[in-house]
């Protein structure tokens, strides 16, 4: 038997465990509530971090839609951010509606929500094995930092940090890195949930 | 030698074709949907000029003898991506204007605008709009021009564009905007006005003066001015500035931090101190705006050639003049005097050179040999 086949069953088992645990999270009302609550919060934070959501209480309510929105929505404004096709002022917040940004944000927010939902299950289980909320929360950070505006990463401008070429390259990879880390975290936490016990 | 060229001084139109089609989203390819969308980027769409036809010509270039403190290769090597890709910061290609008595409601009299007057036509471009676009492809006084602004270096400059258009390349050198033209895809450094990569490397663009002033001051001077509106064709958070504010000055515009390493640095002034910079075949000069406000006129020399920079209090701006005959230029507390005659700051009987308001770090970075007057 080759080395490859010796190690093959483990990832498969981990994937199966992750799928089963994820299914459990969305089946249970309490963990699903955690997913939805965290997901909405993260989506708002993500949109704010990439500049699509801002507090503008002085702006009168209005909705402006650009010409050719179906074409414009695919035009890139950053390594992983896309043109807004509408500007919505609610009188409190301003939302730049970028369908692709929202889609990316929803996907990441869903992953973060599932991470925290799984963590919740692991924590409330009587046989919990000492897991905290750390991995899911930590994994959610890179994507939040990925936003760039105009001439540089938002976070560097905000903190007044000088950017090197290497740092800028790193920023271009933050979003995909964040997704990978979230999946890894999901698999890690799923392995610590006793699905059979938690289902009951 | 003056660098202020009239529109009729626009020889050397270079014809070339080809617009870069880059689809680099593979770099962040883990997000499948985003990658798919990236390949459908608008840069694949045909680029059209003012008359709707494809842009095939480069902007007009001119023979200029300006200080070149870095080779083209050095500038190209020093350029880096600021984050957004090509046209990720969209230029305004179909600008809409309002009359001076009906300006955008968000525009306050003390807000900075970039004023242009060409052939009797005056237009104002609010900083809070340009911070999201950096380039406006416009027609002023029947001249096809691009009014450009780089937030990180605080520089606003105007270029004749002929039948071409400029866009934002997404790259920076010395923290400064690198434009590209949609006819030849040459990269152009804004402050240097020089091609640094592509078919027109080392060529110079033809420039005109852009005045950094406030809306209230510009409107007072030019009551018939038009002002750029927020109807840019793009959805942006106008009124929000990712870098800080100018009214009052806060954030990046005020602090000492730089986002990128400058090409060269000097600690004589605060890095964001505003200087009026000018360059010609004689060399480069910089006049701190604060000194200009105080003294009304600042004189000095570049090499052996005397220069005078005159302050226009009404617009809070400076005009740079070459004064090879060393005529007497003074400010008597109320008027500018040249050889016993009074003149307006923008009308001295000397050879005018284009002046650029710039943050000190940026000007020095491009022109380390700059003479500081005042």
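Values quoted throughout were computed directly from the atomic coordinates according to the rules given, and no laboratory measurement underlies them. Note that this is a predicted model, so its numbers are computed, not measured. We place every Cβ from the backbone using ideal geometry, glycine too, and count neighbours over all the protein chains shown.
For peptide B:75-82, what's the mean number of Cβ atoms from other chains within 10 Å of each residue's Cβ?
Mean shielding by partner chains, rounded to a whole number: 3.
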Task: Sequence-separation-based contact order of segment B:327-367, relative, with Cα cut under 8 Å and 6+ spacing, percent - done: 21
Task: Förster radius 35 Å - calculated FRET efficiency between residue A:14 and residue B:247 (Cβ-Cβ, nearest 0.05) - done: 0.05
- [ ] Take B:322, A:56, B:161, B:106 and order them by how many other Cβ atoms sit within 10 Å, fewest up front.
- [x] B:106, A:56, B:322, B:161
- [ ] For residue A:169 paired with residue B:119, estimate the spin-label separation in nm (one decimal), with each label point 7 Å from Cα along the Cα-to-Cβ line.
- [x] 4.9
Open item on the list: How shielded is B:236-243 by partner chains, expressed as the average number of their Cβ atoms within 10 Å of its Cβ atoms?
Closed with: 6
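By average Cβ neighbour count within 10 Å, what is the ranking of A:61-69, B:299-307, A:100-108 from highest down?
A:100-108, B:299-307, A:61-69
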Task: Dimensionless Rg ratio for segment B:72-207, taking C-alpha atoms and the 2.2 N^0.38 Å reference - done: 1.04
Task: Paramagnetic reach from residue A:26 in segment A:33-52 [backbone N under 16 Å; point 7 Å along Cα→Cβ] - done: A:33-40
- [ ] Mind giving me the nanometre distance, one decimal, between the label points for residue B:313 and residue B:344, set 7 Å out from Cα along Cα→Cβ?
- [x] 1.6
Task: Inter-label distance, nm, simple model (7 Å from Cα along the C-beta direction), residue B:54/residue A:64 - done: 3.3
Task: Choice from B:124, B:235, B:335 showing the highest fluctuation, given a GNM over chain B with Cα pairs closer than 10 Å - done: B:235
Task: Gain upon complete extension [residue A:55, residue A:124; 0.36 nm per residue less C-alpha separation] - done: 21.2 nm
TODO: Indicate the gyration tensor shape class of segment B:258-307 (rounded, prolate or oblate), computed on the Cα atoms with a ≥ b ≥ c the square roots of the eigenvalues: a/c under 1.5 is rounded; otherwise a/b larger than b/c is prolate and the rest oblate.
DONE: oblate
